[in-house]
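Visitor: Below you'll find the structure I mean.
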Amino acid sequence: MTMAETGPRFPDQLRAYLGDDSLASLWEALRVRLERNGLRVAGQVTVVLDERGADRLGGLLATPVRPGVVKVRLPALDAALRRSAAAAGLVTVTGTLTGGPLADRRELRAERAESWGHVWEALDAGLGASSLAEGSWALAFIEGVRRSGLLTRAGVEAARTAVEHAAATLGELALRGALTEPAAAGEPRWELAGLAGRCTGDAHGLDDGRLAGALVLRAAAAALDERIPDSAAARRELWARLGVVTDLVSGTVIAWGLRPTGSGRWAAMMRDRAGLRLVTHLTLHELRGAAAGTTLAAAGQRVHACENPQVLQAAARADSAGPLICFSGNPASAGWLLLRGLLEAGADVRYHGDFDWPGMAIAGRVMTAGAVPWRLGAVDYDDAITALQSECRLALTGPPAPTPWDAALAARMRDAGLAVHEESLLATLLDDLRR
């Protein structure tokens, strides 16, 4: 079988460059190493290259290579290939240049190796087709899928279909920047059923429990440097960060004292609820439907927003004037839609959240949308930790998040190493809400 009959279609010039006889020993050594290594792109191979081979390898790696005995690190070569016009990783290119897909000899029976090789090749090629193969996260994602057994447990045919559907979905997400601009992804762009129908031909093709959906979320977690979601709630939240609404009724935003202007029935109903001192859970279905076109606040009106429902509950008990909205953690799509409506009406939205790293990440996204800080600066943090009782002191955990609205805040949090949750600041926050 010739190279023209195997693997993806590389540009002729690149195929001639990589397939030169002077590099044949390198590709054969890589095939042996990768197949013995369970297709893991790790470690190195040692080969002898003449001057022509060393020059070509150096050109690919963008670093000088001397002829003779050469040690080649597999991750570095994989990264160089992904940056090149090949737009594919080491496993795919090695298979293309050495006669066919590689076999994971430690996990696959010999008679199924070629089929599974095509599955992994399709996953790699699917990323390349959407210009995602160059991302620093691509290799970690693919290796993570291999190690997890997610595809191998499903079988070759199911895996091949899932890879095809996941690649189409990732391509659609990439076109709108959802994998590179998560802060803007809170703005709903798709409904899950619609996205699934478009990319898989089945409105349920990306549902919980479907293999294609699991692959898409694993890739999104890798691209956004997030943990792989391990619960239904976490999966909904990650979809929301991508701008995908899983449904119109489960995600809510809580409102207290919200009095929209205008004569519409929904606006009048909300004013009545505010007058009756009732807390309202608003769904995306309601905000897109009955509330559509309503001016949610008067221009210049101050609207406070918080992360923890205990703050809103305390405000309701204290009968504060409001208005106050609560996102209950990272805003659901309903929360982003309400926030956008308030900002478009010209409201002065002031946000407070937990002084911990996840809280700062949420605050960053809310501030990017147009809100301003509410007692969320370095001075406020210093006051909060000073007032903390010893038994309430919690250590900061997780990766630090930037605080561009007050750079000194992140520095102070790193120095102090303490988390302060909103519920411990109720007295201070309620004082603000009474004014």
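Visitor: Determine which member of the set Arg365, Arg288, Arg317 is of a type in the set (Lys, Arg) and either under 22 Å from Asp415 (Cβ atoms) or touching a residue at least 60 places away in the same chain (Cβ under 8 Å) (or both).
Guide: From the options Arg365, Arg288, Arg317, the qualifying one is Arg365.
Visitor: Here's another thing I want to ask about it. Can you tell me which residues in region 315-346 are among the aliphatic types (A, V, I, L, M) and within 27 Å of Arg236 (Cβ to Cβ)?
Guide: Residues satisfying the conditions are Ala315, Ala316, Leu324, Ile325, Ala332, Ala334, Leu337, Leu338, Leu339, Leu342, Leu343.
Visitor: Taking the conditions exactly as written (in contact with a Leu (Cβ under 8 Å, 6 or more places away or on another chain), surrounded by 22 or more Cβ atoms within 10 Å (Cβ to Cβ) and not hydrophobic (A, V, I, L, M, F, W, C)), does Gly205 satisfy them or not?
Guide: Against the criterion (in contact with a Leu (Cβ under 8 Å, 6 or more places away or on another chain), surrounded by 22 or more Cβ atoms within 10 Å (Cβ to Cβ) and not hydrophobic (A, V, I, L, M, F, W, C)), Gly205 does not qualify.
Visitor: Do we have Arg350 as of a type in the set (D, E, K, R), closer than 24 Å to Leu258 by Cβ and modelled with pLDDT of 95 or more here?
Guide: For Arg350, the condition - of a type in the set (D, E, K, R), closer than 24 Å to Leu258 by Cβ and modelled with pLDDT of 95 or more - is met.
Visitor: Considering only region 317-347, state which residues are among the small types (Gly, Ala, Ser), at pLDDT 95 or above and touching a strand residue (DSSP E or B) at 6+ places or on another chain (Cβ under 8 Å).
Guide: Hit for region 317-347 is Ala347, nothing else.
Visitor: Could you say which residue among Gly177, Gly194 is out of contact with any Cys (no Cβ under 8 Å at 6 or more places or on another chain), assigned by TED's automatic domain parsing to the domain that holds Trp120 and in a helix (DSSP H, G or I)?
Guide: Gly194
Visitor: Any residue in region 144-156 that is over 14 Å from His118 (Cα atoms) sitting within a Cβ distance under 9 Å of a residue that is of a type in the set (D, E, K, R) and part of a helix (DSSP H, G or I)? List the pairs, counting only those 6 or more apart or interchain.
Guide: Short answer, once both residue conditions are applied: Gly144/Arg218; Val145/Arg218; Ser148/Arg218; Leu150/Arg218.
Visitor: Right, next: Looking at region 118-169 only, could you name the residues that are within 18 Å of Ala220 (Cβ to Cβ), acidic (Asp, Glu) and either outside any loop (DSSP other than H, G, I, E, B) or modelled with pLDDT of 85 or more (or both)?
Guide: Asp124, Glu143, Glu164
Visitor: Mind telling me which of the residues Val253, Val249, Val216 ends up being over 22 Å from Pro399 (Cβ atoms) and either touching a residue at least 60 places away in the same chain (Cβ under 8 Å) or of a type in the set (Phe, Trp, Tyr) (or both)?
Guide: Val253 is the lone residue from the list that is over 22 Å from Pro399 (Cβ atoms) and either touching a residue at least 60 places away in the same chain (Cβ under 8 Å) or of a type in the set (Phe, Trp, Tyr) (or both).
Visitor: Further, regarding this structure: Give the number of residues within region 293-324 that are under 19 Å from Ile362 (Cβ atoms) and of a type in the set (D, E, K, R).
Guide: 1
Visitor: Let me ask another. Could you check, for region 387-403, whether at least one of its residues is surrounded by 14 or more Cβ atoms within 10 Å (Cβ to Cβ), closer than 21 Å to Phe327 by Cα and aliphatic (A, V, I, L, M)?
Guide: There is at least one residue in region 387-403 that is surrounded by 14 or more Cβ atoms within 10 Å (Cβ to Cβ), closer than 21 Å to Phe327 by Cα and aliphatic (A, V, I, L, M).
Visitor: I want to confirm something. Restricting to region 86-109 and keeping residues that are within 17 Å of Arg33 (Cα to Cα) and of a type in the set (A, V, I, L, M), which single residue is modelled with the lowest pLDDT?
Guide: Taking the candidates together, the pick is Leu108.
Visitor: Please enumerate the residues belonging to region 389-409 that are more than 16 Å from Trp357 (Cα to Cα) and in contact with a helix residue (DSSP H, G or I) (Cβ under 7 Å, 6 or more places away or on another chain).
Guide: Cys392
The values are calculated or read from the model by the stated rules, or taken from the named source; none is laboratory data. Because the structure is a prediction, the values reported are computed rather than measured. For neighbour counting, all protein chains shown are included, and Cβ atoms are generated from backbone atoms with ideal geometry for every residue, glycine included.
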